[in-house]
Amino acid sequence: MLYFVVTSYIFRKSRIDELREIAEFRIINSFNNLFVIDTDEGFISKLANHRPVFVYSAFPIMVSMPIRKEKYIESIEEAALRTNPEPGKRIMAECFDVNSKEGYSAKDIEVRLGRRLESMEFQTDLKNPEAMLYVVLMDMVCYAGYLNVDKMDKPFLNPERHYLKMGGRISRAELKLLEALDEFQIVSEGIALDLGAAPGGWSRIIAKRGLKVIAIDKGELDLESLDKEGVRSMSVSGTSFSCNEIKKLLDSCDILHIRESAAEVDPSGMCGVGLLLNDINTGPKESSEILKRYVGCLCDGARVIMTVKCIKKKASTYIRQAEEGLRGQLKVTGVRALPSNRQEVTLYAVKRHVDIPDTEK
């Protein structure tokens, strides 16, 4: 059976090796981090049980058809309808055009598919669909599938396009955080601490979700972009603050920017932090050492997201260094090479004095 698989963008050997650990397969088509593979029907269940690092999502393919250049849209419609969408269900059509564009955007194709479905008296629903009709266009071949949304781990084909719909960006790095928050199902409140925060994209996302943010970085934040989105920010200098000083400053802003290196700031005045973010551009050993300085600020149950930079692409080595660096301080519960990661992976950890339930990602 054919599957469309989204993997990490780099680490080709690691993602292939991981796929081999899950099931035997044959590559039918590929482009960068995207694969069409032929494997057994239980692949998605095996993937879910494997808790993968480098494989992000997979979708069964029911139809594979060459796209006729002279009847481009018509042949895509034909392939899509061969999946036999189920009448009576609210359906959303989604297109992932990998490299077969012929003057039509993915959005154009989705609109055409939606209109075709409606002409056949299917009910389309973009906000709360029960099922997805999806097509992947790769090398002038249309791969199509149909699946109930409640059976999909990721209810979207193209991660970058999905997260870009969530609003403007200060930097590409924001996509990494949006993916991580969803992947690890992170919900926090209160105070967040953002280490290596400049230019402020991660701080902006967290502040827009209602948390007060302490952003630490010698670099400047993009104040103009923050102001446009109604996020109040304040910049201060100094390496030592009391709890009362921090509280008073946070009362008057959404993001408190401390213009200092995270390795130099005294964290003792930062209390009750429920979410710690670390995207410092350094190796995992140094990054872990800096992060550990702030563990005392975290309340029990606090969540931690850390980007692990893999300098020489040997991801397993750097993941091990990060895990060893945090051992005894935090419980690492997940590591993923997310689609917007480049030469790095994202680590998720929790500060808790009791074991994490097996049901938590």
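Please state which of the following conditions ARG112 fails to meet, knowing it meets all the rest: (1) of a type outside the set (Ser, Thr, Tyr); (2) in a helix (DSSP H, G or I); (3) at pLDDT below 90.
Tallying (1) of a type outside the set (Ser, Thr, Tyr); (2) in a helix (DSSP H, G or I); (3) at pLDDT below 90, ARG112 fails exactly one: (3).
Listed residues SER64, SER75; which is among the small types (Gly, Ala, Ser), farther than 29 Å from THR346 by Cβ and more than 29 Å from the chain's Cα centre (by Cα)?
Details: SER64 fails: more than 29 Å from the chain's Cα centre (by Cα).
From the options SER64, SER75, the qualifying one is SER75.
Hey, any hits in the range 119-130 for a residue that's assigned to a strand (DSSP E or B), in contact with a Lys or Arg (Cβ under 9 Å, 6 or more places away or on another chain) and not assigned by TED's automatic domain parsing to the domain that holds SER340?
Let us first name the residues in the range 119-130 that are assigned to a strand (DSSP E or B), namely 123-124.
When the remaining residues are screened for being in contact with a Lys or Arg (Cβ under 9 Å, 6 or more places away or on another chain), the result is 123-124.
After this cut, where a residue has to be not assigned by TED's automatic domain parsing to the domain that holds SER340 as well, the list is 123-124.
Yes: the range 119-130 contains one or more residues that are assigned to a strand (DSSP E or B), in contact with a Lys or Arg (Cβ under 9 Å, 6 or more places away or on another chain) and not assigned by TED's automatic domain parsing to the domain that holds SER340.
How many residues does the range 9-37 hold that are in contact with a strand residue (DSSP E or B) (Cβ under 7 Å, 6 or more places away or on another chain), buried (at least 17 other Cβ atoms within 10 Å of the Cβ) and in contact (Cβ under 8 Å) with a residue 40 or more places away in the chain?
Within the range 9-37, residues that are in contact with a strand residue (DSSP E or B) (Cβ under 7 Å, 6 or more places away or on another chain), buried (at least 17 other Cβ atoms within 10 Å of the Cβ) and in contact (Cβ under 8 Å) with a residue 40 or more places away in the chain number 5.
Are there any pairs with C-beta distances below 6 angstrom linking a residue in the range 280-292 that is touching a residue at least 40 places away in the same chain (Cβ under 8 Å) to a residue that is hydroxyl-bearing (Ser, Thr, Tyr) and part of a helix (DSSP H, G or I), with the two at least 6 apart or on different chains, and if so which?
ILE280/SER287; PRO284/TYR318
Of the numbered conditions (1) assigned to a loop (DSSP other than H, G, I, E, B); (2) more than 18 Å from the chain's Cα centre (by Cα); (3) closer than 19 Å to ARG209 by Cβ, ALA262 fails exactly one; give the number of that condition.
Among (1) assigned to a loop (DSSP other than H, G, I, E, B); (2) more than 18 Å from the chain's Cα centre (by Cα); (3) closer than 19 Å to ARG209 by Cβ, ALA262 violates only (3).
Could you please find all residues in the range 1-24 being closer than 24 Å to PRO155 by Cβ, in contact with a helix residue (DSSP H, G or I) (Cβ under 9 Å, 6 or more places away or on another chain) and of a type in the set (Phe, Trp, Tyr)?
TYR3
Identify the residue in the range 139-163 that is of a type outside the set (Val, Ile, Thr) and closer than 17 Å to GLU78 by Cβ and, among all such residues, is surrounded by the fewest Cβ atoms within 10 Å (Cβ to Cβ). Spell out how you get there, then give the answer.
Kept after step one, since they are of a type outside the set (Val, Ile, Thr), are these residues of the range 139-163: 139-140, 142-148, 150-163.
The next check asks that each one be closer than 17 Å to GLU78 by Cβ; those that pass are 140, 142-146.
Details: MET140: 14, CYS142: 26, TYR143: 24, ALA144: 25, GLY145: 20, TYR146: 22.
The selected residue is MET140.
Give the range 1-31 a look and list any residue that's of a type outside the set (A, V, I, L, M) and under 23 Å from VAL135 (Cβ atoms), or say none.
Just the residues of the range 1-31 that are of a type outside the set (A, V, I, L, M), to begin with: 3-4, 7-9, 11-15, 17-18, 20-21, 24-26, 29-31.
Of everything in the range 1-31, those that are of a type outside the set (A, V, I, L, M) and under 23 Å from VAL135 (Cβ atoms) turn out to be TYR3, PHE4, THR7, TYR9, PHE25, ARG26, ASN29, SER30, PHE31.
Condition check: closer than 30 Å to GLN343 by Cα and out of contact with any strand residue (DSSP E or B) (no Cβ under 8 Å at 6 or more places or on another chain). Does LYS46 satisfy that? Walk me through how you get there before you give the answer.
On the way: closer than 30 Å to GLN343 by Cα: yes; out of contact with any strand residue (DSSP E or B) (no Cβ under 8 Å at 6 or more places or on another chain): yes.
Taking the combined requirement at face value, the residue satisfies it.
For the range 63-107, how many residues meet the condition of being part of a loop (DSSP other than H, G, I, E, B) and either surrounded by fewer than 18 Cβ atoms within 10 Å (Cβ to Cβ) or not small (Gly, Ala, Ser) (or both)? Before you say what the answer is, go through the steps one by one.
Filtering the range 63-107 down to residues part of a loop (DSSP other than H, G, I, E, B) leaves 67-68, 82-89, 98-105.
Add one more test, that the residue is either surrounded by fewer than 18 Cβ atoms within 10 Å (Cβ to Cβ) or not small (Gly, Ala, Ser) (or both), and what stays is 67-68, 82-89, 98-99, 101-105.
Within the range 63-107, residues that are part of a loop (DSSP other than H, G, I, E, B) and either surrounded by fewer than 18 Cβ atoms within 10 Å (Cβ to Cβ) or not small (Gly, Ala, Ser) (or both) number 17.
Looking at (1) crowded, with 17+ Cβ neighbours inside 10 Å; (2) of a type in the set (A, V, I, L, M, F, W, C); (3) over 21 Å from the mean Cα position of the chain (by Cα), which is the only condition PHE54 fails?
Result: PHE54 fails condition (3) only.
Quick one: in the range 238-254, which of the residues that are touching a Lys or Arg at 6+ places or on another chain (Cβ under 6 Å) and not in a helix (DSSP H, G or I) is surrounded by the most Cβ atoms within 10 Å (Cβ to Cβ)? Break it down stepwise before answering.
Taking the range 238-254 first, the residues touching a Lys or Arg at 6+ places or on another chain (Cβ under 6 Å) are 250, 253-254.
After this cut, where a residue has to be not in a helix (DSSP H, G or I) as well, the list is 253-254.
Working: CYS253: 17, ASP254: 21.
Across the range 238-254, the extreme among qualifying residues is ASP254.
Could you tell me which numbered condition LYS248 fails, if it satisfies all but one of (1) in contact (Cβ under 8 Å) with a residue 40 or more places away in the chain; (2) under 15 Å from ILE191 (Cβ atoms); (3) not aromatic (Phe, Trp, Tyr)?
LYS248 satisfies all of (1) in contact (Cβ under 8 Å) with a residue 40 or more places away in the chain; (2) under 15 Å from ILE191 (Cβ atoms); (3) not aromatic (Phe, Trp, Tyr) except (1).
Find the residue count for the range 294-327, including only residues that are of a type outside the set (Asp, Glu) and surrounded by fewer than 16 Cβ atoms within 10 Å (Cβ to Cβ).
11
The values are calculated or read from the model by the stated rules, or taken from the named source; none is laboratory data. Quick caveat: nothing in here was measured; it's all calculated off a predicted structure. Note that we place each Cβ from the backbone using ideal geometry, even for glycine, and neighbour counts take in every protein chain shown.
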